[in-house]
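The values are calculated or read from the model by the stated rules, or taken from the named source; none is laboratory data. Worth saying up front: this structure is predicted, and the values here are computed from it rather than measured. Counting neighbours? That spans all protein chains shown, and the Cβs are built from the backbone with ideal geometry, glycine included. Calculation scope for accessible area: heavy atoms of the full protein, side chains included, ligands and nucleic acids excluded. Shrake-Rupley method; radii C 1.70, N 1.55, O 1.52, S 1.80 Å.
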Amino acid sequence: MKTSVLVALLLVLTLTAGTAAAQQAPFNEVGVTMGHWHIASKDVEANKKLFLAMGGKLYTPGGNPLIMFPGVLINLNLGNDKGEGGTQGSVVNHVGFIVNNVQQRVAQWKAAGVRVLPGNNNRLDQAFVETPDGVRIEILEDKTQSMPVRNEHVHFFLPENEIPKAQAWYAKTFGGKPGTRNNGPVVDLPGVQLRFNKADAKQAPTRGRVLDHIGFDVKDHEAFVKKIQAEGIKLDEPVRKSPTGSIITYITDPWGTRIEIVQRAPLGPQVQQP
């Protein structure tokens, strides 16, 4: 009897972990998919409350809160670091979600206590959410989307003459597909679109900001690191294994965006909220 109960429990945990893994987009040809945003929160609980109210799911690998949305994971703390400065003013100006109906989601989130800002020129198919410490999230609409909310984009603000270089660098480094959206340059990767806008002034690097870095998950960490090193990219630190069992290292793009490269260990079961 005990054996049957144990087998059933293991099956439930396996299915839960499989569901978590399925939330991220499949790896591309070079073994890359969108991974995470890493926030150095001043108030972890306030951020957790906000993202759960927006429809995220809570996991606690290694005892640390991590929020999952389709296409992205959001780490809410970075050791004892407390980030200084929101996304505006840094090379990653904002990140973006896409929803099936902006006005419905806005009403739902406001009812749950989320402060939502209106879209530009009061557009009804756009809104903005800012975390308590300044991470700006653009909300856009796709009425054909079956799910309420998913990750959509990371928006870089760079000097105009650097934008073609950045588009080429991200396409080459991560196996992305360069293209355009509304006549603006983009790179498409599994789970995310990278967008590039002209900055009117020099933007700060991400390291040390509230959104300290973004991360990409890789299928084979060793192979991917060899690839980028052969392309002349230097690691910010040696490859290491995190306390949760993930294999990680960091690089910084030529414009100041810190990027974590992760071969991710299983997240464990979702934490059910009361």
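Some observations on this one:
- Restricting attention to segment 80-112, the residues that are within 23 Å of Ser41 (Cβ to Cβ), assigned to a loop (DSSP other than H, G, I, E, B) and out of contact with any helix residue (DSSP H, G or I) (no Cβ under 6 Å at 6 or more places or on another chain) add up to 10.
- Filter pass, Leu158 being touching a residue at least 60 places away in the same chain (Cβ under 8 Å) and farther than 20 Å from Pro26 by Cα: yes
- Lone qualifier among Thr180, Thr144 - being polar (S, T, N, Q), more than 26 Å from Glu84 (Cα to Cα) and assigned to a strand (DSSP E or B): Thr180
Table: residues versus (1) over 18 Å from His155 (Cβ atoms); (2) of a type outside the set (A, V, I, L, M, F, W, C).
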residue: Trp37; (1), (2): no, no
residue: Leu50; (1), (2): yes, no
residue: Leu66; (1), (2): yes, no
residue: Gln88; (1), (2): no, yes
residue: Val102; (1), (2): no, no
residue: Arg105; (1), (2): yes, yes
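- Test: Thr244 is open to solvent by less than 20 Å² (accessible area, probe 1.4 Å) and assigned to a loop (DSSP other than H, G, I, E, B): no
- Taken over segment 254-274, the residue count meeting the criterion of being part of a loop (DSSP other than H, G, I, E, B) and either surrounded by 19 or more Cβ atoms within 10 Å (Cβ to Cβ) or of a type in the set (A, V, I, L, M, F, W, C) (or both) is 5.
- Output for segment 117-149, where each listed residue is free of Cβ contacts under 8 Å to residues at least 40 places away in the same chain, surrounded by fewer than 21 Cβ atoms within 10 Å (Cβ to Cβ) and of a type outside the set (S, T, N, Q): Leu117, Pro118, Gly119, Arg123, Leu124, Asp125, Phe128
- Within segment 48-80, the set of residues being touching a strand residue (DSSP E or B) at 6+ places or on another chain (Cβ under 6 Å) and of a type in the set (Gly, Ala, Ser) comprises Gly55, Gly56, Gly71.
- Single residue of Gly208, Gly179, Gly175 found to be open to solvent by less than 70 Å² (accessible area, probe 1.4 Å) and more than 20 Å from Val30 (Cβ to Cβ): Gly208
- Filtering segment 113-133 to residues that are in a strand (DSSP E or B) and of a type outside the set (Gly, Ala, Ser) leaves Val116, Leu117, Pro118, Gln126, Phe128, Val129, Glu130.
- Within segment 189-241, the residues that satisfy the criterion of being of a type in the set (Lys, Arg), in contact (Cβ under 8 Å) with a residue 24 or more places away in the chain and part of a loop (DSSP other than H, G, I, E, B) are Lys202, Arg207, Arg209, Lys219.
- Screening Glu162, Glu152 for residues that are of a type in the set (Asp, Glu), surrounded by 15 or more Cβ atoms within 10 Å (Cβ to Cβ) and either touching an Asp or Glu at 6+ places or on another chain (Cβ under 8 Å) or assigned to a strand (DSSP E or B) (or both) leaves exactly one candidate, Glu152.
- Whichever residue in segment 190-203 is out of contact with any helix residue (DSSP H, G or I) (no Cβ under 6 Å at 6 or more places or on another chain) and aliphatic (A, V, I, L, M) and, among such residues, is most open to solvent (accessible area, probe 1.4 Å): Ala201
- Residue in segment 60-67 that is part of a strand (DSSP E or B) and in contact (Cβ under 8 Å) with a residue 12 or more places away in the chain present: yes
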